[in-house]
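Trainee: Mind looking over this structure? Questions follow.
Where a number appears in this text, it was derived from the coordinates with a stated rule and is not lab data. This structure is a prediction, so every number in the text was calculated from the model and none was measured. Ideal geometry is used to build each Cβ from the backbone, glycine not excepted, and the neighbour counts take in all protein chains shown.
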Amino acid sequence: MTRAGSVSAALRSALRPKTPRCYRHCQEPVRAHSVSTPFPGYWSVYACPGGVVSVTSYVERSRKDPTLKVRRFLSRRSVPPSLVTRHDLRTATRHGPELGVMAERILARDRPTRPLKVVYWRVYPFQGRDGSEQRLFVCFRHGRARPVFYADSGAARRGTCPVCAAETLSKPRRQR
Ligand SMILES: [Zn+2]
Ligand SMILES: [Zn+2]
């Protein structure tokens, strides 16, 4: 038995967005990282090896709109939480044909009673206060359930995670 709203592995791979290379940062291949959430659906972060996020997507079978809970989840994991804006979240109800042959086949076989809802979070490079171009980064060093999203210029290719940086700073104090 599967949990209500959950999405099969075959369908998840059929839903994978086509973003093979990192945009305007390093041209490296973008990989999918799954993130554990308290929600029934499937959450992926697509990022390059340096941590620049192309897009995150949350997929759930639901009649209800999952946008708000996804936004809250992302805000709790972003430094600062204001990185997550309504403007950058896009929710789509997906049907078979537009998802490609593979997904269409799976959906035709499964005959889902709930529509497939996908919430995309995509932050395009933006100008920071100091005038530098900022990108959305993710750090996975805090566990699969605790990705940290932050903005960075990416000048050093790999960004500087504010949570990792704070832990490094607090270490000498702990040892005392
Ligand atoms: Zn990159
Ligand atoms: Zn970190």
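Trainee: Any idea what % of Cα-Cα pairs in the chain are farther than 24 Å? Display every interim value, and only then the final one.
Mentor: Details: 6281 of 15400 pairs.
Percentage above 24 Å: 41.
Trainee: Taking 0.36 nm per residue of separation and subtracting the Cα-Cα distance, what length does fully extending R105 through C164 add?
Mentor: Details: separation 59, 0.36 × 59 = 21.24 nm, distance 4.36 nm.
Value of the extension gain: 16.9 nm.
Trainee: Please give the charge dipole size of the chain, origin at the Cα centre, charges +1 on K and R Cβ atoms and -1 on D and E Cβ atoms. Round to the nearest 20 debye. Walk me through the numbers on the way to the answer.
Mentor: Working: 35 positive and 11 negative charges, 117 e Å.
Charge dipole of the chain: 560 debye, to the nearest 20.
Trainee: Next question, about the same structure. With just the Cα atoms defining each centre, how far is the stretch 87-146 from the stretch 34-63? Give it in Å.
Mentor: Each part reduced to its Cα centre gives a spacing of 6 Å.
Trainee: Can you give me the distance in nm between label points at K64 and Y23, each placed 7 Å from the Cα along the Cα-to-Cβ direction?
Mentor: Label-label distance for K64 and Y23, simple model: 3.1 nm.
Trainee: Starting from the 7 Å offset along Cα-to-Cβ, what nm value, one decimal, do you get for the label separation of T93 and R144?
Mentor: 3.2
Trainee: May I pose another question? Cα atoms only, the stretch 18-111: Rg and Dmax in Å?
Mentor: According to the Cα coordinates of the stretch 18-111, Rg and Dmax are 14.9, 43 Å.
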